[in-house]
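Asks: Questions regarding the structure given below will be posed in turn.
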Amino acid sequence: MSNKKDLPDYHSTDVLVIGGGNAALTAAMTARELGVKVTLLEVSPSDVRGGNSRHTRNIRYIHEKGNDFLTGPYLEEECFNDLMMVTKGKTIEKMARLVIHGSYNVGDWMIEHGCRFQPAMRGTLHLSRTNAFFRGGGKALINAYHATCERLGVEVLYEAEALDISIEDGACTEVRVRRPDGEFTVRPKAVIIASGGYQGNRSWLREAWGSMADNFLTRGTPYDKGRMLKVMMEKGAKTVGDPTQGHCVAIDGRAPLFDGGIVTRLDCVPFGIVLNKNGKRFYNEGEEFWPKRYAIWGRLVAGQPEQIGYVFIDSKSIDLFMPSVFPPLKADTVEEMAELMQLDPGAVKQTIEEFNAATRPGNFNSNELDGMGTEGIDPPKTNWARPLDTPPYYGYTLRPGITFTYLSLAINEHTRVLQQDDTPYKNIFAAGEVTSGNVLGQGYMAGFGMTIGTVFGRIAGREAVSCLK
């Protein structure tokens, strides 16, 4: 151990929380409020703390009535049915229902711990009944939670990476930690793993996806490399979830490799058409409201040549969606736009002419499923299908933007991590993205990652303290 004299002794910690995002902070606050000593390891520097949670903007939870920031009721069965729709039934039902039921009025708890909400704004109105939006976004939420942690006396270590976990007779005995000033050992009475997925680990993504992963962008933090997931797998923990599944959306192709966040998402797809490298459409752009379908488009684009897509819209639609962080390409003709995108102008023109010919008159309404669909082309566009015929034309490139992965530690209803034979570890718990595969077999619905983290985080905090008695 280098610089041992400069490192504090954390051997007496009751609950060690590994991670720094929403789930970790929720677990830490919950445990600390029950009167035990809590130490939290945040791998990042303090200025980029919070993992992927600092890029979020809302949480989905069930409630019986509207309030100052939610427009109406959202009950358990509707939420469960929404989850079944996006996952196509690929979930562990008892875990899904545990999360949904546990989310009941969780906004009240969040407000008590520093969160502030605001009504949904233009571009997010479809979520105004189901999702509560954070005033100031995810970073404000993280800052508020840290302020509460400080008030409660939670011990937070930055740039502290958990390297290894020692396990004896089904229990964690110590955790090896590295900081810039050296390594040290923590001997906690209970451990909560809330350290995220492995989407920041490019080599692991390649193992799962092959060479396609080289064209993926990671929307969130580069610090989520899956180390604790890998360590626990090597120790014999049971896993759940498909390594090639995750929350993967189509984002602006000009986004950075890491940390572009939610602002790199594009909401224009329903109001135009999306082409691949060959100038061909490949999916129904108007299948559903964008908040219910945006999460499938990352995988759709990933399945196209060179993992890239191209959105075409015209001037009729440029003001119908949230403005993009990077300005769109702009051209006076379809052919000129194709050239800007380095596509074959002839192929693009033919596709757009065929699409325009397949549109039918109707009452366009961007705020509802208007039934303005195409006829006679495959794939169809079943809503918001208007001819692309009004210059100037606008365009964006799309890349798969992976938010978090679904290969996860298997847990029980008490968030105890399971061994291969389904026996729970005695004092090892998990919450957040590293548990997402227990609920999300595939697909995603807006705000639900925060739901999983908050519900499992609160359970983990309570159960970790309970196992100390």
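Asks: Report whether or not Val249 is within 16 Å of the chain's Cα centre (by Cα) and of a type in the set (Val, Ile, Thr). Steps first, answer last, please.
Replies: Details: within 16 Å of the chain's Cα centre (by Cα): yes; of a type in the set (Val, Ile, Thr): yes.
Yes: the conditions hold for Val249.
Asks: I'm checking my understanding of the structure. Among residues of the stretch 314-364 that are open to solvent by 90 Å² or more (accessible area, probe 1.4 Å) and without any contact (Cβ under 8 Å) to a residue 12 or more places away in the chain, which one is nearest to Gly261 (Cα to Cα)?
Replies: Pro323
Asks: If I ask for residues that are in contact (Cβ under 8 Å) with a residue 60 or more places away in the chain and surrounded by fewer than 20 Cβ atoms within 10 Å (Cβ to Cβ), which ones from the stretch 99-112 would you list?
Replies: Result: Gly102, Trp109.
Asks: For the structure I just gave you, tell me whether Leu70 is aliphatic (A, V, I, L, M), assigned to a loop (DSSP other than H, G, I, E, B) and surrounded by 17 or more Cβ atoms within 10 Å (Cβ to Cβ). Outline the logic, then answer.
Replies: Working: aliphatic (A, V, I, L, M): yes; assigned to a loop (DSSP other than H, G, I, E, B): yes; surrounded by 17 or more Cβ atoms within 10 Å (Cβ to Cβ): yes.
Spelling it out, Leu70 is indeed aliphatic (A, V, I, L, M), assigned to a loop (DSSP other than H, G, I, E, B) and surrounded by 17 or more Cβ atoms within 10 Å (Cβ to Cβ).
Asks: Continuing with the same structure: Would you pick out the residues in the stretch 113-159 that are in a strand (DSSP E or B) and either open to solvent by 20 Å² or more (accessible area, probe 1.4 Å) or of a type in the set (S, T, N, Q) (or both)?
Replies: Of the stretch 113-159, the ones in a strand (DSSP E or B) are 117-118, 131-134, 155-158.
Of everything in the stretch 113-159, those that are in a strand (DSSP E or B) and either open to solvent by 20 Å² or more (accessible area, probe 1.4 Å) or of a type in the set (S, T, N, Q) (or both) turn out to be Gln118, Asn131, Glu155, Val156, Tyr158.
Asks: Would you point out which residue out of Ile59, Ile100, Ile92 is among the aliphatic types (A, V, I, L, M) and closer than 24 Å to Ala147 by Cα?
Replies: Working: Ile100 fails: closer than 24 Å to Ala147 by Cα; Ile92 fails: closer than 24 Å to Ala147 by Cα.
None of the others qualify; the one that does is Ile59.
Asks: Spot the failing condition for Pro8; the list is (1) farther than 26 Å from Gly138 by Cα; (2) modelled with pLDDT of 95 or more; (3) outside any helix (DSSP H, G or I), and only one is missed.
Replies: Tallying (1) farther than 26 Å from Gly138 by Cα; (2) modelled with pLDDT of 95 or more; (3) outside any helix (DSSP H, G or I), Pro8 fails exactly one: (2).
Asks: Here's a follow-up. Give the residues of the stretch 83-107 that are in a helix (DSSP H, G or I) and at pLDDT below 95, sorted by residue number. Break it down into steps so the answer makes sense when it comes.
Replies: Our first condition is that a residue be in a helix (DSSP H, G or I); within the stretch 83-107, this holds for 83-87, 93-102, 106-107.
Across the stretch 83-107, the qualifying residues are Met85, Val86, Thr87.
Asks: Moving on. Could you list, in sequence order, all residues of the stretch 401-424 that are surrounded by fewer than 24 Cβ atoms within 10 Å (Cβ to Cβ) and part of a loop (DSSP other than H, G, I, E, B)?
Replies: Residues satisfying the conditions are Leu407, Ala410, Asn412, Glu413, His414, Gln420, Asp421, Asp422, Thr423.
Asks: Quick one: how many residues across the stretch 342-370 are under 14 Å from Leu275 (Cβ atoms) and either in a loop (DSSP other than H, G, I, E, B) or among the hydrophobic types (A, V, I, L, M, F, W, C) (or both)?
Replies: The number of residues fulfilling the criteria is 7.
Asks: Right, another one. (1) open to solvent by less than 50 Å² (accessible area, probe 1.4 Å); (2) among the hydroxyl-bearing types (Ser, Thr, Tyr); (3) modelled with pLDDT under 95: which one isn't true of Thr218, the others all being true?
Replies: All conditions pass for Thr218, except number (3).
Asks: Then there is this: Any residue at all in the stretch 371-386 that's outside any loop (DSSP other than H, G, I, E, B) and open to solvent by less than 30 Å² (accessible area, probe 1.4 Å)? It would help to see each step written out before you state the result.
Replies: In the first step, residues of the stretch 371-386 are kept if they are outside any loop (DSSP other than H, G, I, E, B); the result is none.
Within the stretch 371-386, not a single residue is outside any loop (DSSP other than H, G, I, E, B) and open to solvent by less than 30 Å² (accessible area, probe 1.4 Å).
Asks: Among the residues of the stretch 168-214, how many are closer than 23 Å to Ala430 by Cα, in a strand (DSSP E or B) and open to solvent by 10 Å² or more (accessible area, probe 1.4 Å)?
Replies: Looking only at that region, the number is 8.
Asks: Taking the stretch 236-294, which residues are assigned to a loop (DSSP other than H, G, I, E, B), modelled with pLDDT under 95, among the hydrophobic types (A, V, I, L, M, F, W, C) and open to solvent by 30 Å² or more (accessible area, probe 1.4 Å)?
Replies: Phe289
The values are calculated or read from the model by the stated rules, or taken from the named source; none is laboratory data. Because the structure is a prediction, the values reported are computed rather than measured. Glycine gets a Cβ as well: all are built from the backbone with ideal geometry, and neighbour counts include every protein chain shown. In case anyone asks, the SASA skips ligands and DNA or RNA and just uses the protein heavy atoms, side chains included. Shrake-Rupley method; radii C 1.70, N 1.55, O 1.52, S 1.80 Å.
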